[in-house]
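Worksheet for the structure shown next.
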Number of protein chains: 2
Amino acid sequence: MRFELTKEFLERIRQAIVSEDTVWILEHVSDLHFADIAEIIDELSMEQARFLYYQLSEDLQADVLMYLEEEVRDRFVASLSSKEIAEQLENLDSDDAADILMEFPDEKIQEVISQMEDDEAADDIVDLLNYDEDTAGGLMQKEFIQARLEWPVNRALVELRRQAEDVEKVYTIYVVDELNKLVGVLSLKRLLFAKPKTQIRDLFEEKNLIFVKTNDSSEKVARVMDKYGLVSVPVVDLQNKLVGRITIDDVIDIIKEEADKDFQLASGLSEKVESNSTIWRTSRARLPWLLIGMLGGILSAQVISKFEGNITHLPALAFFIPLITAMGGNVGVQSSAIVVQSLAKGNDPFDSILQKVGKEALLGLLNGVLCATLIFGIAYLFNNVDLAFVVSISLFTVIVFAAVFGTMIPLVLNRYKIDPALASGPFITTLNDVLGLFIYFTVGLLLIN
Amino acid sequence: MRFELTKEFLERIRQAIVSEDTVWILEHVSDLHFADIAEIIDELSMEQARFLYYQLSEDLQADVLMYLEEEVRDRFVASLSSKEIAEQLENLDSDDAADILMEFPDEKIQEVISQMEDDEAADDIVDLLNYDEDTAGGLMQKEFIQARLEWPVNRALVELRRQAEDVEKVYTIYVVDELNKLVGVLSLKRLLFAKPKTQIRDLFEEKNLIFVKTNDSSEKVARVMDKYGLVSVPVVDLQNKLVGRITIDDVIDIIKEEADKDFQLASGLSEKVESNSTIWRTSRARLPWLLIGMLGGILSAQVISKFEGNITHLPALAFFIPLITAMGGNVGVQSSAIVVQSLAKGNDPFDSILQKVGKEALLGLLNGVLCATLIFGIAYLFNNVDLAFVVSISLFTVIVFAAVFGTMIPLVLNRYKIDPALASGPFITTLNDVLGLFIYFTVGLLLIN
């Protein structure tokens with residue numbers, strides 16, 4: 001009963017499209033879940049996608065459109081005429097329609113809007129386009145269900161039935177006063193089980209009302225919904241008037257994007273890239289980090305060149321350069337990853353920076369002693385005692401420093417409102433390379449000559 | 001209206017607890033949202049937490065308990081007697097109660113269960129404890145609302161009212177046949193707007209029914225709910241009998257944990273650690289990766305030692321060791337991060353491995369040429385022409401190899417069902433260090449002597 005897209009089925013669909021076998025398509029595709037149809041369209045060429053899409057019923061079209069991969073959707077919509085886009089938008093929720101339109105230049109947006117027949121829908125979309133994409137206003141939809149305080153349950157039911165036609169998923173009914181200010185919420189369950197004459201004011205919940213403001217950031221919206229375990233949250237304007245709602249599906253996307261972004265930044269990828277982006281776009285996303293790495297390599301070369309005499313004297317010193325840089329990098333990345341994740345979760349608001357750095361330093365001491373002891377034994381077997389001392393002492397020092405820097409840098413970046421995940425990748429490793437080599441050769445200079 | 005926990009307020013609460021000022025607590029804390037009260041308790045000592053907790057109403061206690069940080073909750077529950085735990089469990093949803101009990105040894109579980117007064121609740125919990133924590137069975141709750149096909153709407157409403165007392169959030173009503181097999185769903189909205197005599201069989205939706213099976217993995221549950229945009233999903237047993245439901249809040253936790261886990265693995269952290277774990281636990285989580293780094297460093301030392309003659313001949317060769325290793329590491333991590341994220345999303349099921357590796361190799365060629373040209377210029381300024389050639393040619397080669405390995409290793413791990421995020425961290429950098437140095441010194445040997 002659960003659908004799994006196979007190569008064979010996809011091939012069969014392609015054949016049906018090429019031979020314009022609408023009977024087969026109607027029978028085998030139109031009855032699938034919209035998410036499954038979207039998955040199929042993601043794999044088709046634009047021309048094939050168009051053909052299949054227009055075989056679907058209007059309601060299904062809207063759902064399929066919103067479940068396409070973003071890139072496919074943008075290309076698909078761009079291939080339509082303004083009139084066709086206007087028709088599609090009328091079947092969508094206002095927030096989805098605004099998201100799609102936002103990808104176009106202003107003139108095209110005006111053209112599409114002017115082609116829309118449903119004026120109310122057009123107004124809602126135009127209104128939503130005013131908000132910044134990354135705010136609650138940019139996330140919210142205009143479709144929600146509201147009830148007035150003074151309504152009795154039966155009046156509310158009639159109104160709700162009318163309103164509900166526009167609202168796909170009803171979770172909560174928002175209760176407003178005569179000025180349209182949000183005063184509370186009412187669960188559908190409570191309404192369902194109330195007596196017809198009961199007034200909404202006697203049913204609704206006004207305590208601990210959770211809402212967001214149109215200008216709250218999307219991260220804040222995600223945090224609020226997550227903290228309070230909400231599936232939808234009402235959005236109010238500066239006068240506390242109810243203007244929209246945000247549902248959990250939009251917020252899940254934000255949560256995933258946030259987590260992905262941290263991982264990407266820490267891995268040295270500077271803008272959103274998917275594995276199906278073009279070579280040029282991907283190259284551009286990666287080069288900045290490679291150049292930082294190059295700069296680090298050149299600085300490291302500078303540091304080592306200052307100690308050329310030591311290397312001439314004892315070439316074996318060079319053997320342990322990669323050990324020192326690798327360990328500095330690994331320890332730094334570990335410490336910073338912990339801090340980055342803890343900052344992302346907003347944990348421990350009352351832990352002082354000093355406390356965190358202190359703990360990491362302690363951990364550095366512990367792991368430093370373990371690693372330094374081990375490497376002393378190994379370097380001793382493999383080379384002379386002096387070298388074993390140099391490697392072991394400098395490794396210990398490098399680990400402690402890397403732990404402290406790995407912790408401090410993201411905390412400092414965060415304080416200056418720079419994304420701390422930036423620190424967790426190439427920055428920390430580069431810094432630790434240069435610092436580590438300096439420590440290593442300085443210890444070498446002191447102990448060996 | 002939105003609560004923000006300040007140091008001052010926390011201090012005031014502590015004072016009130018110490019002086020057992022229950023009047024102040026009742027006035028200033030009991031009316032807060034349960035998520036906010038949980039946030040406060042997270043910051044208190046166990047003794048203070050207990051005092052505050054028992055000032056709350058029973059309903060509020062249950063909600064607060066589930067919104068505590070996991071570690072705090074486990075410690076808090078562990079501080080209670082079996083009798084007290086049993087009382088708390090009776091107010092919780094069955095899945096939450098089972099999650100809490102699961103932390104205890106079997107004897108303790110039996111003791112707590114035997115103290116529970118609500119036999120039905122106890123049975124539900126015992127039943128849930130049979131399922132593996134990481135499966136749909138382990139995630140589901142026994143509280144859901146079901147209606148039989150043959151019921152008329154008014155009968156359904158009466159039954160639902162009875163059932164609804166146990167179900168905090170009602171999103172969808174599950175429709176079952178006379179054998180209790182899941183046959184479809186009914187939205188509360190549809191029920192709300194239907195005529196009293198209409199039978200459920202004429203209202204419910206049976207097309208494209210989405211459900212999961214008790215033994216589906218939690219990742220699969222998350223994927224299904226995400227793909228189909230669901231806020232709750234019914235769970236059936238092997239005979240398709242309806243046994244539970246999973247709600248979106250439990251799944252958001254899984255989505256976040258998955259994303260965090262990838263980032264942690266890639267950063268060299270081998271088990272779940274929070275910034276507030278003990279030093280020993282944190283040290284244990286990090287040491288394996290450091291030892292891999294050490295092993296890599298020792299192998300690198302071995303490689304370089306084979307080329308000791310070259311270094312004696314031209315010590316400046318050693319200057320660029322960190323450049324080679326850093327660039328190999330950065331490129332490898334970038335390539336692997338892309339693959340890891342794309343695998344985590346389940347994108348591109350039809351892209352062949354060869355296609356991905358080919359694309360990364362091409363990208364490696366492009367970035368390799370850019371970086372190699374740049375470094376040739378710099379190394380030329382800074383040193384002799386021969387060395388500039390060696391650094392530039394080997395950097396190019398290392399970048400291409402690192403791109404290919406960075407792509408292939410996670411793909412291969414994934415094929416053998418090993419978490420590909422493992423590859424993105426220390427493994428890739430270590431491998432690329434050793435390989436890169438070998439390339440560098442071999443090119444040096446060929447071009448310089």
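Any idea which of B:Val390, B:Val385 is touching a residue at least 60 places away in the same chain (Cβ under 8 Å) and away from chain A (no Cβ under 11 Å)? It is B:Val390. Taking the stretch A:1-22 as the range and being within 14 Å of chain B (Cβ to nearest Cβ) and assigned to a helix (DSSP H, G or I) as the test, the residues that pass are A:Lys7, A:Glu8, A:Phe9, A:Leu10, A:Glu11, A:Ile13, A:Arg14. If the condition is being among the polar types (S, T, N, Q) and under 24 Å from A:Gln355 (Cα atoms), then the stretch A:400-449 contributes A:Thr407, A:Asn414, A:Ser424, A:Thr429, A:Asn432. Of the listed requirements (1) part of a helix (DSSP H, G or I); (2) facing another protein chain (nearest Cβ under 9 Å); (3) touching a residue at least 60 places away in the same chain (Cβ under 8 Å), B:Gly332 misses just one: (2). Per the listing A:Asp253, A:Asp249, A:Asp260, A:Asp237, the residue uniquely under 30 Å from A:Ile125 (Cβ atoms), within 10 Å of chain B (Cβ to nearest Cβ) and surrounded by fewer than 17 Cβ atoms within 10 Å (Cβ to Cβ) is A:Asp253.
From A:Phe104, A:Phe51, which residue is without any contact (Cβ under 8 Å) to a residue 40 or more places away in the chain, away from chain B (no Cβ under 14 Å) and assigned to a loop (DSSP other than H, G, I, E, B)?
Just a single option satisfies the conditions, and that option is A:Phe104.
Scanning the stretch B:273-329 for residues that are surrounded by 18 or more Cβ atoms within 10 Å (Cβ to Cβ), of a type in the set (Val, Ile, Thr) and either in contact (Cβ under 8 Å) with a residue 12 or more places away in the chain or more than 7 Å from every other protein chain (Cβ to nearest Cβ) (or both) turns up B:Val273, B:Ile292, B:Val303, B:Ile304, B:Ile321, B:Ile324, B:Thr325. When B:Arg223, B:Arg201 are screened for being at pLDDT 85 or above and either in contact with a strand residue (DSSP E or B) (Cβ under 8 Å, 6 or more places away or on another chain) or over 23 Å from B:Leu422 (Cα atoms) (or both), only B:Arg201 passes. Tallying residues that are touching a Gly at 6+ places or on another chain (Cβ under 8 Å) and at pLDDT below 85 within the stretch A:283-332 yields 2.
Can you tell me which of B:Phe405, B:Phe438 is among the aromatic types (Phe, Trp, Tyr) and closer than 17 Å to B:Leu323 by Cα? Answer to the check: B:Phe438. Given the structure, is B:Lys181 away from every other protein chain (no Cβ under 11 Å), surrounded by fewer than 19 Cβ atoms within 10 Å (Cβ to Cβ) and more than 17 Å from the chain's Cα centre (by Cα)? So B:Lys181 passes the test. Listed by first and then second residue, the pairs linking a residue in the stretch A:150-161 that is within 12 Å of chain B (Cβ to nearest Cβ) and touching a residue at least 40 places away in the same chain (Cβ under 8 Å) to a residue that is surrounded by 19 or more Cβ atoms within 10 Å (Cβ to Cβ) and not in a loop (DSSP other than H, G, I, E, B), with Cβ atoms under 9 Å apart and 6 or more places separating them unless they lie on different chains, are A:Val153/A:Leu191; A:Val153/A:Ile200; A:Ala156/A:Ala147; A:Ala156/A:Ile173; A:Ala156/A:Leu186; A:Ala156/A:Leu191; A:Ala156/A:Ile200. Criterion applied to B:Asn414, B:Asn383 was being farther than 20 Å from A:Ser424 by Cβ, of a type in the set (S, T, N, Q) and at pLDDT below 80, and the one residue passing it is B:Asn383. Out of the stretch A:393-449, which residues are part of a loop (DSSP other than H, G, I, E, B) and closer than 27 Å to A:Phe376 by Cα? Within the stretch A:393-449, A:Asn449 is the sole residue that qualifies. Number of residues in the stretch B:202-216 that are buried (at least 16 other Cβ atoms within 10 Å of the Cβ) and either in contact with a helix residue (DSSP H, G or I) (Cβ under 6 Å, 6 or more places away or on another chain) or more than 11 Å from chain A (Cβ to nearest Cβ) (or both): the value is 5.
Kindly evaluate A:Glu111 against the criterion of being closer than 19 Å to A:Asp59 by Cα and either outside the structural domain of A:Asn208 (by TED's automatic domain parsing) or touching a Lys or Arg at 6+ places or on another chain (Cβ under 7 Å) (or both). It is false that A:Glu111 is closer than 19 Å to A:Asp59 by Cα and either outside the structural domain of A:Asn208 (by TED's automatic domain parsing) or touching a Lys or Arg at 6+ places or on another chain (Cβ under 7 Å) (or both).
Let's see how each residue does on (1) outside any helix (DSSP H, G or I); (2) crowded, with 18+ Cβ neighbours inside 10 Å; (3) of a type in the set (Gly, Ala, Ser):
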site: A:Glu71; (1), (2), (3): no, no, no
site: A:Leu80; (1), (2), (3): yes, no, no
site: A:Ala86; (1), (2), (3): no, yes, yes
site: A:Leu92; (1), (2), (3): yes, yes, no
site: A:Asp96; (1), (2), (3): no, yes, no
site: A:Asp99; (1), (2), (3): no, yes, no
site: A:Glu117; (1), (2), (3): yes, no, no
site: A:Ala121; (1), (2), (3): no, yes, yes
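Criterion applied to A:Lys356, A:Lys345, A:Lys417 was being basic (Lys, Arg) and more than 22 Å from the chain's Cα centre (by Cα), and the one residue passing it is A:Lys356.
From the list A:Glu71, A:Glu47, A:Glu39, the lone residue that is at pLDDT below 90 and either closer than 25 Å to B:Lys207 by Cβ or not aromatic (Phe, Trp, Tyr) (or both) is A:Glu71. Out of the stretch B:19-37, which residues are under 14 Å from A:Asn208 (Cα atoms) and crowded, with 17+ Cβ neighbours inside 10 Å? Residues satisfying the conditions are B:Val29, B:Leu32, B:His33, B:Phe34, B:Ala35, B:Asp36, B:Ile37.
Residue-by-condition table, conditions (1) touching a strand residue (DSSP E or B) at 6+ places or on another chain (Cβ under 9 Å); (2) away from chain B (no Cβ under 11 Å); (3) charged (D, E, K, R):
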| site | (1), (2), (3) |
| --- | --- |
| A:Leu32 | no, no, no |
| A:Asp36 | no, no, yes |
| A:Asp42 | no, no, yes |
| A:Asp63 | no, no, yes |
| A:Asp93 | yes, yes, yes |
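The values are calculated or read from the model by the stated rules, or taken from the named source; none is laboratory data. If you're wondering where the values come from, they're calculated on a predicted model, not measured in any experiment. Note: ideal-geometry Cβ built from the backbone for every residue, glycine included; neighbour counts use all protein chains shown.
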